[in-house]
Structure formats: C-alpha cells, structure tokens
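Encoded as structure tokens, the structure appears first; notes follow it.
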Amino acid sequence: MPKITPQPGIMEIEPYQGGASQIAGRTEVVKLSSNENPYGPGEPAIEAFRGAAYGLNRYPDTAHTALRAAIAEVHGLDSGRIVCGVGSDEIIALLCQAYAGPGTEVIHTEHGFAMYRISALSNGATPVEVAERDRVTDVDAIIDACTDRTRLVFIANPNNPTGTMIGESELERLAGGLPDHVLLVVDGAYAEYVEGYDGAAALVEARENVVMTRTFSKLYGLGALRVGWGYMPGHVRDVLNRVRGPFNLSHAAQVTAAAAVRDTAWAEKCRANNTRLRSWLADALAEHGVPSDVSKANFVLARFADAEEAEACDDYLKSQGMIVRRVAGYKLPNCLRISVGDEPSCRRVAHAIGQFKAGAR
C-alpha cells in the first residue's frame, strides 16, 4: 500500500447519503425523502434561469452583489453581513475550515444534521455530540459541554430530522451562555416554514458570536442549483471571504435565487400549503397509531414501536412506489422522516401507512 495518507479524521467520516430517488423495477415513484418543495420554484425564478443561458461565457460575480442585495431587501438585513455559498452546507464547511482544526472541538446535538460532524472531521477537529431532551435541543447540556477546546456550536432550528425547535429566548440564553471564544451557528435551513421567525437574524445583529445560515433548497425550490447564505458579524464575514472560492456560485444560480427570494407571493403560497398539509399528515398518521413531534419544518418524523416496525413500514412503502427516509444514522432507528409533498402524495403515503399498520396487527 502507498504511504500516502489523508489528514486525521477524514477516514472517520461516513459519507453523507442523500435521500433516495429510485426504486428498482419502478419507473414512477413518490419521493418524500429529501424535504424538497413539491411545487418547485415560481415562474420568475424559472424565467431568470432561462435568461442566464445567454451569459454562460462569462464568469459570475464573485461578490454575489445582486443576490446579497435581494436577500437583504426581502429579509430587512444588512447586505454587507451576508456571505453566499454552494448551499448552506458550504457555509458550514467554511466555518469549520476557518475556526476549527486539530486539537479543537465542534459541538452538535444528538440528532443534529450530519454535515456538522462531517465538516468538523474534514478539518481535523473533534465532533462532540450533546444529548437532546425528547428530541429537542437542550441549551443547558450544550453550555455544560463547552471546554477551552470548543470553537463552534451548531444547532439547526428547526432541527433536521426531528422538526422540533427552541424559542428565541432559549437561543438568546444559549448565545449568552457560551464562552467568549465560541461561535454559535444557527442553521436556519427550515426557518422560512415558521411564521414570524427571523431564523436568529436579530440575534446576529445584537451579538458578535452568532452566525445564521439559510438555504434556497427548501421553500424556494432550488435544490438543484445549490444556493445558500449566511448572516454574520463583520469579523466572521471577513474571515470567510478569505477562504471562500472566488467563483463558488454560478451566474445562473445567483440570478435565479435573486428572482426566487423576491417572489414573496409564491413563497407564501408554498408555506401555507406546507403548513396545512403538514398538520393534516401528522393527524392522519396519529389516527393510524403513528405519533410524531410537532414539526415546524416541511417534514414529519413518524415514530414506530421499534426499528423492526419502522424498517418493515419503509419496505412496504417502497413496494407501493413511495420513498421516505430512514434515520437510524441519526440515532432514531424507530423513526421514518416523511417529507410533506403535495396533497395527493400526502394522502397516498398516509393511506399506505394505514394499510401497513392494519396488516401488522
């Protein structure tokens, strides 16, 4: 074997597995495994993407000027505090690259998004898992877990794959309780689904130790283009812009995302449909004896009696042409994460789970 070896920590990474999109032997499936917007982007975003084809010979704006301005305009933010990335995943990775490394620790919660651990290990840092309380972020446990080696704390709010979240007062308490050398990162990938929630933007503006990340892959329906952004103090922005690739976002991605964020009517329609169908799906599953926590995102975490029942239900759904997400890798082996699709998809998956439960008795 060659003596060429990777950096410490890299071989500890279990590669991220995206939601499945195919079932062997079936040409048509209902995909409810990746928390995608079932309605896709609105027409202005589609037209912007089409128009971008005429500029494919030109390099994109490395400063993302127009996109940052659009985000700031819609959300009432300071465009100078925004850094854009290839999905919010890249912002997470850049934060670990810039602030973590060998001899340091990165905290994430028990059922937190897999990319926190992956990005920490990629940069030689030690990921530290902190227990949640009934699948909800435990602020006191996070504060107690901090040491002089801690550099970053990642929480998703709402969380993936649980759908649960903590309130703004708890976020403030967490930010205020961290040691001075620790940066709190509030992952707001699902923040748009929570009415009246700013994703921690005000907390970023009030403090020097908080970063908020967001994405266009969920509510805005642009998962294929991979566009995300972070809102942060100036000192963090200056650091990330030194390590960020100069042309990380294509021109097509930038102009499409700018059109999408300004299409507030479409976003509101998608949000309202998700809220209605999320509630309906959770109630329908509960009637079949499958409980879930109150979700604030675009999915529900269906809980079964044990791992065996969850896996059997997943197999049954596949036999019916439906794909959901097993989450044993998130230490939830008795659960299936089910994205909120359009109404026919929600009704179909609820009916199928009801059939499975009836047959299992």
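Screening Gly196 on (1) modelled with pLDDT of 95 or more; (2) farther than 19 Å from Ile107 by Cα shows it passes everything except condition (1).
What's the number of the only condition in (1) assigned to a helix (DSSP H, G or I); (2) buried (at least 17 other Cβ atoms within 10 Å of the Cβ); (3) within 25 Å of the chain's Cα centre (by Cα) that Ala352 fails to meet? All conditions are met except number (3).
Looking across Gly87, Gly55, Gly51, one residue alone is closer than 18 Å to His251 by Cα and in contact with a Lys or Arg (Cβ under 6 Å, 6 or more places away or on another chain). It is Gly87.
Listed conditions (1) among the basic types (Lys, Arg); (2) at pLDDT below 95; (3) loosely packed, with under 15 Cβ neighbours inside 10 Å are all met by Arg50, apart from (2). In the range 53-73, of all residues being under 27 Å from the mean Cα position of the chain (by Cα) and hydroxyl-bearing (Ser, Thr, Tyr), the one that is surrounded by the most Cβ atoms within 10 Å (Cβ to Cβ) corresponds to Thr62. Does Phe247 meet the test of being under 16 Å from the mean Cα position of the chain (by Cα) and either modelled with pLDDT of 95 or more or at negative phi (or both)? Spelling it out, it is not the case that Phe247 is under 16 Å from the mean Cα position of the chain (by Cα) and either modelled with pLDDT of 95 or more or at negative phi (or both).
Looking only at residues that are of a type in the set (D, E, K, R) and assigned to a loop (DSSP other than H, G, I, E, B) in the range 157-196, which one is surrounded by the most Cβ atoms within 10 Å (Cβ to Cβ)? If we take residues in the range 157-196 being of a type in the set (D, E, K, R) and assigned to a loop (DSSP other than H, G, I, E, B), then Glu195 is surrounded by the most Cβ atoms within 10 Å (Cβ to Cβ).
The criterion of being out of contact with any Pro (no Cβ under 8 Å at 6 or more places or on another chain), within 26 Å of Ala358 (Cβ to Cβ), among the hydrophobic types (A, V, I, L, M, F, W, C) and free of Cβ contacts under 8 Å to residues at least 12 places away in the same chain does not hold for Ala272.
Against the test of being over 21 Å from the mean Cα position of the chain (by Cα), acidic (Asp, Glu) and farther than 26 Å from Val300 by Cβ, the options Glu28, Glu12 yield a single qualifying residue, Glu12. Every condition in (1) in contact with a Gly (Cβ under 6 Å, 6 or more places away or on another chain); (2) free of Cβ contacts under 8 Å to residues at least 60 places away in the same chain holds for Gly85 except the one numbered (2).
This table checks each residue for (1) farther than 23 Å from Phe216 by Cβ; (2) part of a loop (DSSP other than H, G, I, E, B); (3) touching a residue at least 12 places away in the same chain (Cβ under 8 Å).
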| position | (1), (2), (3) |
| --- | --- |
| Arg276 | no, no, no |
| Trp280 | yes, no, yes |
| Val300 | no, no, yes |
| Asp315 | yes, no, no |
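Give the residue that is surrounded by the fewest Cβ atoms within 10 Å (Cβ to Cβ), with candidates limited to residues of the range 197-228 that are closer than 20 Å to Asn273 by Cα and of a type in the set (S, T, N, Q). In this case the residue turns out to be Ser217. Against the conditions (1) surrounded by fewer than 13 Cβ atoms within 10 Å (Cβ to Cβ); (2) touching a residue at least 24 places away in the same chain (Cβ under 8 Å), Pro38 satisfies every one except (1).
Where residues in the range 218-232 are touching a Lys or Arg at 6+ places or on another chain (Cβ under 7 Å) and outside any strand (DSSP E or B), which of them is farthest from Asn37 (Cα to Cα)? Steps first, answer last, please.
As a first pass, look at the range 218-232 and keep what is touching a Lys or Arg at 6+ places or on another chain (Cβ under 7 Å): 219, 228-229, 231-232.
Checking which are outside any strand (DSSP E or B) leaves us with 219, 232.
Values: Leu219: 6, Met232: 27 Å.
Ranking the qualifying residues of the range 218-232, first place goes to Met232.
Considering Gly341, Gly289, the condition of being assigned to a loop (DSSP other than H, G, I, E, B), at positive phi and either surrounded by 14 or more Cβ atoms within 10 Å (Cβ to Cβ) or of a type in the set (D, E, K, R) (or both) is satisfied by Gly289 alone. Restricting the search to the range 317-338, which residues are over 18 Å from the mean Cα position of the chain (by Cα), part of a strand (DSSP E or B) and either more than 23 Å from Pro15 (Cα to Cα) or without any contact (Cβ under 8 Å) to a residue 24 or more places away in the chain (or both)? Met322 - this is the single residue of the range 317-338 that is over 18 Å from the mean Cα position of the chain (by Cα), part of a strand (DSSP E or B) and either more than 23 Å from Pro15 (Cα to Cα) or without any contact (Cβ under 8 Å) to a residue 24 or more places away in the chain (or both).
Restricting attention to the range 197-215, the residues that are among the charged types (D, E, K, R) and assigned to a loop (DSSP other than H, G, I, E, B) total 3.
The values are calculated or read from the model by the stated rules, or taken from the named source; none is laboratory data. Everything numeric in this text was worked out from a predicted model, so none of it was measured. Because the Cβ atoms are built from the backbone with ideal geometry, glycine has one as well, and the counts that use them run over all protein chains shown.
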